[in-house]
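Below is one structure, written out as structure tokens; comments come after it.
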Amino acid sequence: MPKRKSGDTEEKTLRRQYIYNGRVINLRVDTVVTADGHHATREIVEHADAIVVVALDADDNVLLVNQFRTPLGKNLLEIPAGGIEKGEDAEAAVIREMQEETGYKPQKLVFLTGFYTSPGFSNEYLHLYLATDLVPSRLHAEDTAGIELERVPISKISELVASGRIQDAKTIVGLLLLLEHRKTD
């Protein structure tokens, strides 16, 4: 994770109250003093680090997963993603999630970047990888039953993003970085 830079202004936390502690997220309300001395309330979603992966097969297709997202009440087309389990490193999480969601195990991983998903209210940090040299290898997980795998030619990526067919921010970031990575490769 990036370090604080000089010039960053810090808020002082006066009070931290946990509203909910769950399996995936915790919700808290912080009372803070801002840099200019005002009191403010911050509603924060705590989420452990996670991984996202742009998987590219031997035919230059990106592997995307189509899955129902309950908060939105609809399916989204996304790159594979998932949490990093306790004691697991990011690369191991990429391999496990790829096997669970796509049925493939990557033989080569390249770290592309990391980023915060919604820093205005959440501390979730995503580690983005490119996965290639895919070999069939399925791991079954209880929460992947409704996931459908879609192969999309890399040449269609810009069109899918521009048309709004892909609406998930982590997927847009990952796919656009893939296109940039290909230019320098």
Legend entry - Subset tally (residues that are surrounded by 17 or more Cβ atoms within 10 Å (Cβ to Cβ) and farther than 15 Å from F111 by Cβ) for region 68-80: 3
Legend entry - Meets criteria (in a loop (DSSP other than H, G, I, E, B) and in the same structural domain as I79 (by TED's automatic domain parsing)) for L139: yes
Inset, instruction - Scan region 81-108 for residues that are part of a strand (DSSP E or B) and surrounded by 19 or more Cβ atoms within 10 Å (Cβ to Cβ) and report the count. - result: 4
Inset, instruction - Kindly indicate whether L77 is outside any loop (DSSP other than H, G, I, E, B) and touching a residue at least 40 places away in the same chain (Cβ under 8 Å). - result: yes
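Yes or no, residue by residue, for (1) farther than 15 Å from A55 by Cβ; (2) among the aliphatic types (A, V, I, L, M); (3) touching a residue at least 12 places away in the same chain (Cβ under 8 Å); (4) loosely packed, with under 13 Cβ neighbours inside 10 Å:
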{"residue": "F121", "(1), (2), (3), (4)": "yes, no, yes, yes"}
{"residue": "V135", "(1), (2), (3), (4)": "no, yes, yes, yes"}
{"residue": "A141", "(1), (2), (3), (4)": "yes, yes, yes, no"}
{"residue": "R151", "(1), (2), (3), (4)": "no, no, yes, no"}
{"residue": "Q167", "(1), (2), (3), (4)": "yes, no, yes, no"}
{"residue": "T171", "(1), (2), (3), (4)": "no, no, yes, no"}
{"residue": "L175", "(1), (2), (3), (4)": "no, yes, yes, no"}
{"residue": "K183", "(1), (2), (3), (4)": "yes, no, no, yes"}
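The values are calculated or read from the model by the stated rules, or taken from the named source; none is laboratory data. Nothing here was measured: the structure is a model prediction, and the numbers come from that model. Neighbour counts run over all protein chains shown; Cβ positions are idealised from the backbone, glycine included.
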